[in-house]
Amino acid sequence: MDHLELIKQAKAKNFHPIYLLHGEEALFIDQVSDAIVENALEEHERDFNLTTDYGKDADVLQLINEAKSYPTMAERRVVILREAQSFQEIAELEPYMKNPNPQTIFVLCFKYKKLDARSAVFKAIKANGIIFLAEKVKEYKMVDFIKRIAKEMGYNLSDKAAIMLFEFLGTDLSRIQGELDKLSILVEKGSQINEVHVEENIGISKDYNMFELTNAIAERDVPKAFQIVSYFEANPKNGPLVVVVGNLFRFFSQLMRMHFMKGASDGEIAKKVGMPPFAVNKSKPYLRVYNPKKISANIATLHEYDLKSKGVGNSHFTEGELMRELVFKLMN
């Protein structure tokens, strides 16, 4: 069960007495806990029936007492323990977790790491509640995941728009969610969000971006590649050299792995290589453009320019000059 399914359950008012929300992706934990509060209690019920404590300051006896208390003029109570990873007495919650109050929803927000699955409190929660592991989204799943977030918000997101967001924002889901929230104010619900919307409202050029630069280099389209480099030179925030190097390193590394996966299905390649499934078929022609020997040389070149972008072995060249030199070497 993922965080979107838990949010759906909360909206349907299908609750469990205990939730352990733990793992690295803090955004998922926040979204699930917020959805529980918003849907379990009406706003006027929260003054008397919502308790929020924080791990460093929480008192275990008071916390258990709150959880055991019955709701006041409401169907249920909600007790949230935020920053539960800092709660030193979490093991002492085991007796309550074995016998939870059916009229209380007890939510533990245990961020950035996992609660030990061997512990007695974990096993008690598993027996009587829901355990959700908030894992980071794998890079090869990011584009599809961004499209799924948009769909849950009531929009269709074009492939190119999703790729542009991923290339520009990386795997920072908080920033991606923020930009989609911005677009949801400006675009009518039920319609498609495309690359034009992203360009006009987020400031990512639909023609001059990391995705288009990678494509131009992949196809050895020299004029287009240098047009994009010129754009990045004039708009350094949209294409810093260190980010360009990182994106191109990922592309050539993926291409190298594809060379040694002949006969594998697109799905297998996507998972092993770390790219969206729809991008695998699109990348296959590039295997004829760049053989393993040239890819190996390009990876070495990218390592060299990564150091130069950080000032190692570069005393006077600008980022734009380095980028032009890099792109020329990669395609020749």
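The values are calculated or read from the model by the stated rules, or taken from the named source; none is laboratory data. Everything numeric here is computed off the predicted structure, so don't read it as measured data. Every residue, glycine as well, gets a Cβ built from its backbone with ideal geometry; the counts of neighbours run over all protein chains shown. Each accessible area value is taken on the protein alone, full model and side chains, heavy atoms only, with ligands, DNA and RNA left out. Shrake-Rupley method; radii C 1.70, N 1.55, O 1.52, S 1.80 Å.
Remarks
- The chain: relative contact order in percent, alpha carbon pairs under 8 Å with at least 6 residues between: 15
- Carbon + sulfur, % of accessible area of the stretch 34-161 - ligands and nucleic acids excluded, 1.4 Å: 46
- Projected onto their three principal axes, the Cα atoms of the stretch 152-221 cover extents of 39, 23, 19 Å, largest first.
- For Ile18, the residues whose modelled amide H falls within less than 5 Å of its own, excluding neighbours fewer than 5 places apart on the same chain, are Phe106, Ile130.
- For the stretch 72-129, diffusion coefficient by Stokes-Einstein and Kirkwood Rh (Cα), 4 °C, 1.567 mPa s, µm²/s: 106
- Neighbourhood charge, 15 Å Cβ-Cβ cut-off, centred on Phe249 and excluding it, Lys, Arg +1 and Asp, Glu -1: +2
- Translational diffusion coefficient (Stokes-Einstein; Kirkwood radius from C-alpha pairs) of the stretch 291-332 at 25 °C, 0.890 mPa s, in µm²/s: 231
- Axis of helix 292-309 versus longest Cα principal axis of the chain: the two differ by about 70°, to the nearest ten degrees.
- The magnitude of the dipole of the stretch 199-332, with charges of +1 and -1 set on the Cβ of Lys/Arg and Asp/Glu and taken from the Cα centre, is near 660 debye.
- The stretch 49-98 and the stretch 267-314: distance between their alpha carbon centers, rounded to Å: 49
- Net lengthening on full extension, Gln177/Asn65 (0.36 nm per residue, minus Cα-Cα): 36.7 nm
- Residue among Ser119, Asn49, Ser283 farthest towards the positive dipole end of the chain, charges placed on Cβ: Ser283
- Mean separation of Cα contacts under 8 Å (6+ apart) over length of the stretch 130-172, as relative contact order %: 39
- Separation of the alpha carbons by more than 21 angstrom is noted, of Lys206/Lys272; Lys147/Lys189; Lys56/Lys114; Lys272/Lys329, for Lys206/Lys272; Lys272/Lys329.
- The stretch 59-139: trypsin sites (Lys or Arg not before Pro) in DSSP loop, at most 16 other beta carbons within 10 Å: Lys114, Arg118, Lys136, Lys138
- Whole-Hz couplings from phi, Karplus 6.51/-1.76/1.60, listed for the stretch 115-125; x for Gly and Pro: 6, 4, 5, 7, 6, 5, 5, 4, 5, 5, 5
- The slack between Asn201 and Lys136, meaning 0.36 nm per residue of separation minus the straight C-alpha distance, is 20.7 nm.
- Computed helical MRE - 222 nm, the chain, DSSP H runs ≥ 4 contributing -39500 (n - 2.57), nearest 500: -16500 deg cm²/dmol
- Computed from Cα positions, the angle between helix 241-259 and the longest principal axis of the chain comes to roughly 90 degrees.
- Taking Cα centre as origin and charging only the Cβ of basic (Lys, Arg, +1) and acidic (Asp, Glu, -1) residues, the dipole magnitude of the chain rounds to 1520 debye.
- Only Cα pairs under 8 Å and 6+ residues apart enter the sum, and on that basis the relative contact order of the stretch 177-275 stands at 17 percent.
- Among the protein heavy atoms of the stretch 207-248, carbon and sulfur supply 57% of the accessible surface, probe 1.4 Å, non-protein parts ignored.
- Calculated accessible area for the chain comes out at 50 Å² per residue, all protein chains present (probe 1.4 Å; ligands, DNA, RNA ignored).
- Dipole magnitude for the stretch 1-63: computed about the Cα centre from +1 point charges on Lys and Arg Cβ and -1 point charges on Asp and Glu Cβ, it is near 240 debye.
- Building the convex hull from the alpha-carbon atoms of the stretch 1-113 and averaging its projection over directions returns 6.6 nm².
- Cα convex hull of the chain, projected area averaged across orientations, nm²: 20.9
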